[in-house]
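Take a look at the structure below.
The values are calculated or read from the model by the stated rules, or taken from the named source; none is laboratory data. Computed from a prediction, not measured in an experiment: that's the story for all the values here. With ideal geometry, Cβ positions are generated from the backbone for all residues, glycine too; neighbour counts draw on all protein chains shown.
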Amino acid sequence: MSRSEATRLAAGVTGGVLFAALAVASSAAASPVSIELNRLEPRDSACRVSLVVANPGEKAIDSLKLDLVFFDKEGVISRRLAVEAGPLRASKTAVKLFDAAEVACEGLSRVLLNDVTACGGEQDCLALVTTTSRVKGVEFGK
């Protein structure tokens, strides 16, 4: 085998090994967690927030800390709330309830997932999460 053929063969093998390593790394990456704003319910001087949180991955998440910001109908921030939505078992969907004190449910137009400050050791927790809303007239996004 000539030197140039050996070089091409070595480059091909190296490329294949790198491709395989990247495929294994991406499959080992955390599965996205979906958070659905499912219901807003008035409770005395608070608004009870019902979130449906799904962890489709094979790894449990011990902590999922959410930084939520509530906006009124005029787009003005009415409240900021940090909540713990964990732990989440692997391949499991759970309902998490939180009371947002001094927030009128009927006055909300949007809930912002401002940040995810913990998600079980992942580096970019906010990128791990997707958001949707079933509440009519209330957007839930990041």
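What number of residues within the stretch 105-124 satisfy the criterion of being in contact (Cβ under 8 Å) with a residue 40 or more places away in the chain and part of a helix (DSSP H, G or I)?
So the answer is 2.
Scan the stretch 120-142 for residues that are modelled with pLDDT of 95 or more, touching an Asp or Glu at 6+ places or on another chain (Cβ under 8 Å) and either within 17 Å of Ala60 (Cα to Cα) or of a type in the set (D, E, K, R) (or both) and jot them down.
If the condition is that a residue be modelled with pLDDT of 95 or more, touching an Asp or Glu at 6+ places or on another chain (Cβ under 8 Å) and either within 17 Å of Ala60 (Cα to Cα) or of a type in the set (D, E, K, R) (or both), then Arg134 is the only one that fits.
Given the residues Val95, Val69, Val135, which is the only one that is loosely packed, with under 13 Cβ neighbours inside 10 Å, of a type outside the set (Ser, Thr, Tyr) and over 12 Å from the mean Cα position of the chain (by Cα)? Explain how you work it out, then say what you get.
Working: Val69 fails: loosely packed, with under 13 Cβ neighbours inside 10 Å; Val135 fails: loosely packed, with under 13 Cβ neighbours inside 10 Å.
Sole residue among the options that is loosely packed, with under 13 Cβ neighbours inside 10 Å, of a type outside the set (Ser, Thr, Tyr) and over 12 Å from the mean Cα position of the chain (by Cα): Val95.
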